[in-house]
Every structure is written in structure tokens, then in C-alpha cells.
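S.K.: Supplied in C-alpha cells, the structure appears directly below.
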Amino acid sequence: MTVQDQPAPFSAPEATPPLLPRTLMQPEHEAFRRTVRRFFETEVAPYTEQFERDGHIPRQLWNRAGELGLLLTAIPEEYGGMGGDRLFSTVLMEEQGRVLASATGFMLHSDIVAPYILHYGTEEQKRRYLPGMATGERVGAIAMTEPGAGSDLQGIKTRAEDKGDHYLLSGSKIFITNGYLADLVIVVARTGNTGKGSRDLSLLLVETNSEGFSKGKPLKKMGMKGQDTCELFFSDVRVPKENLLGQEGQGFRMLMQELPWERLIIAIEAQAAAEAVFDLTRQYVKERQAFGQAVMDFQVTRHKLAELQTEISLGRTYVDECTRAMLGGKLTPQAASAAKYWVSEMCSRVMDACVQLHGGYGYMWEYPVARAFVDNRAHRIYGGTNEIMKELISRAL
Ligand SMILES: Cc1cc2nc3c(=O)[nH]c(=O)nc-3n(C[C@H](O)[C@H](O)[C@H](O)COP(=O)(O)OP(=O)(O)OC[C@H]3O[C@@H](n4cnc5c(N)ncnc54)[C@H](O)[C@@H]3O)c2cc1C
């Protein structure tokens, strides 16, 4: 970021009172929310255009988030984290959604990548990587998707050849969040030849400064334009055996264990974005005049808002219940898939209706509702497409 960049001030619309009171958060989470809110309002939201021009956030914003204690909130203090429960992570996701910030990949780093290391890493791996991730000195990413394999992870071709004390990694990955600025990537690679995809995959902790590791430019996306998403290439990258995460051939199992929480994260983010866009649309239709009255005064507008608020409230209740189940260790893959699928689709319906209620202004890029419309479309695709979510739900029927 350069000094001449003028930040656009952020002003939040008035929050709509919920139909039902929320009971999920404790006073300590709400106290934490104040710090997080200030950060997103003053250090993130005003710089949206700058992030979009660059295709990623500035490297120093990672350090700033670390300095404020906003990274790795649910990782124990002995590894540099905040030692909180996952409601602190939830607060971060909600506040990011409240300002409709789509450029910061903090949740993927703190709540997806770091937990893999915490849950499956050796003591040495945890001490080597987690403290740097907590300060923002080390940015984390996870690379599963390949040009020829997304939904079907068993089709992964990236190979890690066993060379005794190390692996030789070759292949490529695509659509990797935080990829451009990443220092550490969990790479899903094929290590076995049993022909059973689920037994042949392993997770490797790969440092991006390794010889043979290269990155593409940030990809030009339909939305989330400020979020760092890129391709990664591995050309005989030497990965020491001590960088194997968990056991060889157990990659697929580890991914399956972590995915319910990852899917709930997407639901939490989509829910927060739907609420934020609803709030700003409610404000807009009260101010916008047509035919001598506020757009809000047309019955069709009020009924549309009533429908949206009802859907948003149903989403809120389900997301909070899934979060409670997750905290109690009872979130099933089906419940998480249902949250991801339904809330992301509800979010799309809300975005679409809110663009319409803004009229032509809703189609203009400088209006947050226009950005939110495309940014939030991605929730239906990543973390497993919604078709795959329905597949997972239906398998248990
Ligand atoms: C902004 C963004 C960020 C991302 N970040 C990451 C990241 O950090 N790390 C990472 O590894 N990946 C990431 N991804 C990739 C994402 O997870 C994949 O794009 C997604 O899993 C879908 O894979 P695909 O693109 O290969 O689509 P495909 O698998 O080719 O799917 C194409 C279509 O076929 C449908 N389909 C496929 N299989 C079935 C089936 N069995 N039944 C019914 N329909 C089916 C899909 O639902 C979809 O509609 C990201 C993607 C985006 C857009």
C-alpha cells in the first residue's frame, strides 16, 4: 500500500434487531468483538479498492493482525495462539462479514491451516510453525485442488516420490487462497500406489521458499478480487520426511475429519454477509425516494424484506446450533454440509434481492451490495460444491 492511497471511510448501517435473541456468545467474546470491529472498520474496509487493485492484501496487514492478537485465536498459548475457544474465531468471521470484507484470508490461515498442524503435527512441527503463524510472520495455505481434480480429490495427480530421507514433490495446484503470500502450504499429494485414492494421499508441510516451488500471479476472479488466490507449481521440490503431517497414506482421513468445521466456517461467513447486506439495504430503501415516497413504503418492498429477514433468522438459528454442536464435539458431517449448502444459497437469494432493491445503483461496483453479490457467490463453490454437500447429506439417509 502506498501513502497516496486514500482510504474510503467505512460507515456501518444500523443493525436490524434479530427476530430471536442470540444466546451463543459470552461477555468475553463480545469484549473481543470490540477490538475486532475496530480493526475491520479502520484497517481493512477502507482499503477495499487498494486490495482489489493489487489482487491481495499487503503483507504488513498480516503482521498487524498478529500484533493485535487476531490470528490463531483458537490455538493454545504455548504455541503462540490466544488459547480461546472457536467462538473467538466466529467473532472474527462475523466482523469480517459485517464490513463485507472479502480480501482477508485470516480464517483459512487461523482456523483451517493451523488446526491441521495442531491436531496432526509432531511437537517439533507445532513449535516450528505455529508461533510464526500467530504473529503473521508466516502465512498459511492449504492446497488440495488441481486443474484436473476439485470435487474428486481421489483424482489428485501431484506426486511425492519417496527418496529415503525426503520426498520429491511434483505437480501443480489451482485456486489456492493465500497462495501468493503464503510461506507455508499444506499440500495434498499422492504418496501411494494402492489404486485406492483414499489410502494413497498424504499431507506435506511445504515451505514456499523451497527450490522448485513457484507461484502464479493472483488469479483474476469474478469477485473477492482483493483476496489472494493463485496457482502453485512444484518442480522436484525436496520436502524433508520430517515435514510429513500425520501418517503417510492418511491424508484423506485427516481431510474428512477437518472438513465439517471448514464447512461450518463457510456457513458462518455467508450468514454474516447476508445479515450485513440486509442491514444496508434496509437503510437504502428507507432513504431512496420514488413516486413521492420512500421505496420502503411500497408494500412489495416491505414484504420482500420480511421474507428475507425470515430466511436470515432461520439461517442464524441453524448456524448457531451447529456452532454449539461443534463446541460440544457433536457436529456431524451431514449437519455441517447442510449448513454450508443451505446458508450459502440463502445468502445468494438475499444478495440477489438486495441488488434488485438498490435498482441501478445495486449494479454499480462502488456500491457494497454489488461487490457482495459476486463475492458471496463463491460460498456455493469452494469448501466442496453444494452438489457435493447434498451428496454427503444423502449418503446418510
Ligand atoms: C475463490 C476460491 C477459493 C478457493 N480456495 C481454495 C483453497 O484454498 N484450497 C483448495 O484446495 N481449493 C480452493 N478452491 C477450489 C474449490 O474448492 C474447488 O473449485 C471446488 O471444490 C470445486 O472443484 P472444481 O472447481 O474442480 O469443480 P468440479 O469438481 O470440476 O465441478 C464442476 C461441477 O460438477 C459438479 N460435480 C462434481 N462432482 C459431482 C458429483 N459427484 N455429483 C454432482 N455434481 C458434481 C460440481 O458440483 C460442479 O457444479 C477455491 C475456489 C475458489 C473459487
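The values are calculated or read from the model by the stated rules, or taken from the named source; none is laboratory data. Remember, predicted model here, so these are calculated numbers, not experimental data. Because the Cβ atoms are built from the backbone with ideal geometry, glycine has one as well, and the counts that use them run over all protein chains shown. For accessibility, only protein heavy atoms count, side chains too; no ligands or nucleic acids. Shrake-Rupley method; radii C 1.70, N 1.55, O 1.52, S 1.80 Å.
S.K.: Specify the residue that is farthest from the chain's Cα centre (by Cα); the eligible residues are those in region 135-155 that are more than 7 Å from the ligand (Cβ to nearest atom), open to solvent by 10 Å² or more (accessible area, probe 1.4 Å) and at pLDDT 95 or above.
M.R.: That would be G148.
S.K.: Residue under question is P218, and the condition is that it be farther than 30 Å from Q309 by Cα, surrounded by fewer than 24 Cβ atoms within 10 Å (Cβ to Cβ) and either of a type in the set (S, T, Y) or in contact (Cβ under 8 Å) with a residue 60 or more places away in the chain (or both); does it hold?
M.R.: For P218, the condition - farther than 30 Å from Q309 by Cα, surrounded by fewer than 24 Cβ atoms within 10 Å (Cβ to Cβ) and either of a type in the set (S, T, Y) or in contact (Cβ under 8 Å) with a residue 60 or more places away in the chain (or both) - is met.
S.K.: A further question on this structure: Tell me which of these R37 doesn't satisfy, since it passes every other one: (1) more than 22 Å from V277 (Cα to Cα); (2) out of contact with any Leu (no Cβ under 8 Å at 6 or more places or on another chain); (3) of a type outside the set (A, V, I, L, M, F, W, C).
M.R.: Only one criterion in (1) more than 22 Å from V277 (Cα to Cα); (2) out of contact with any Leu (no Cβ under 8 Å at 6 or more places or on another chain); (3) of a type outside the set (A, V, I, L, M, F, W, C) is unmet by R37, namely (1).
S.K.: Return only the number of the condition from (1) crowded, with 22+ Cβ neighbours inside 10 Å; (2) assigned to a loop (DSSP other than H, G, I, E, B); (3) more than 8 Å from the ligand (Cβ to nearest atom) that I186 does not satisfy.
M.R.: (2)
S.K.: Looking at this structure, is M82 at pLDDT 95 or above, assigned by TED's automatic domain parsing to the domain that holds F32 and outside any helix (DSSP H, G or I)?
M.R.: yes
S.K.: Of the numbered conditions (1) within 15 Å of the ligand (Cβ to nearest atom); (2) without any contact (Cβ under 8 Å) to a residue 40 or more places away in the chain, H379 satisfies every one except a single condition; which is it?
M.R.: (2)
S.K.: Looking at (1) part of a helix (DSSP H, G or I); (2) farther than 19 Å from L245 by Cα; (3) away from the ligand (no atom under 16 Å from the Cβ), which is the one condition that is false for Q96?
M.R.: Just one mismatch for Q96, condition (3).
S.K.: Select, from G121, G132, G179, G171, the only residue that is surrounded by fewer than 18 Cβ atoms within 10 Å (Cβ to Cβ) and either more than 19 Å from K215 (Cβ to Cβ) or not hydroxyl-bearing (S, T, Y) (or both).
M.R.: G132
S.K.: If Q356 meets every condition in (1) touching a Gly at 6+ places or on another chain (Cβ under 8 Å); (2) open to solvent by 40 Å² or more (accessible area, probe 1.4 Å); (3) within 16 Å of the ligand (Cβ to nearest atom); (4) among the polar types (S, T, N, Q) apart from one, which number is that one?
M.R.: (3)
S.K.: Would you mention how many residues in region 75-113 are farther than 28 Å from R371 by Cβ and open to solvent by less than 30 Å² (accessible area, probe 1.4 Å)?
M.R.: Total satisfying the criteria: 4.
Each row is one residue, and each column tells you yes or no for (1) under 18 Å from Y116 (Cβ atoms); (2) open to solvent by 80 Å² or more (accessible area, probe 1.4 Å).
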position: R238; (1), (2): no, yes
position: Q247; (1), (2): yes, yes
position: L255; (1), (2): yes, no
position: Q283; (1), (2): no, no
position: V300; (1), (2): no, yes
position: H303; (1), (2): no, yes
position: E311; (1), (2): no, no
position: V319; (1), (2): no, no
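S.K.: Mind checking which pairs have a first residue in region 278-301 that is under 13 Å from G359 (Cα atoms) and touching a residue at least 40 places away in the same chain (Cβ under 8 Å) and a second that is among the basic types (K, R) and open to solvent by 40 Å² or more (accessible area, probe 1.4 Å), Cβ under 6 Å, 6 or more apart or different chains?
M.R.: From residues that are under 13 Å from G359 (Cα atoms) and touching a residue at least 40 places away in the same chain (Cβ under 8 Å), the pairs are V295/R288.
S.K.: Would you be able to tell me the number of residues in region 159-181 that are at negative phi and more than 11 Å from the ligand (Cβ to nearest atom)?
M.R.: So the answer is 14.
S.K.: Which of the following residues is within 19 Å of A12 (Cβ to Cβ) and within 17 Å of the chain's Cα centre (by Cα): C347, C354?
M.R.: Only one candidate qualifies: C347.
S.K.: A further question on this structure: If I go through region 13-56 residue by residue, how many of them are open to solvent by 70 Å² or more (accessible area, probe 1.4 Å), in a loop (DSSP other than H, G, I, E, B) and closer than 20 Å to G69 by Cβ?
M.R.: 1
S.K.: Identify all residues within region 23-58 that are among the small types (G, A, S) and under 19 Å from the mean Cα position of the chain (by Cα); write none if there are none.
M.R.: Matches in region 23-58: A45, G55.
S.K.: Counting only residues that are assigned by TED's automatic domain parsing to the domain that holds K173 and closer than 19 Å to E124 by Cα, give me the strands (runs of 3 or more DSSP E) lying completely in region 197-249 with at least 1 of them.
M.R.: Correct list: 201-207, 229-240.
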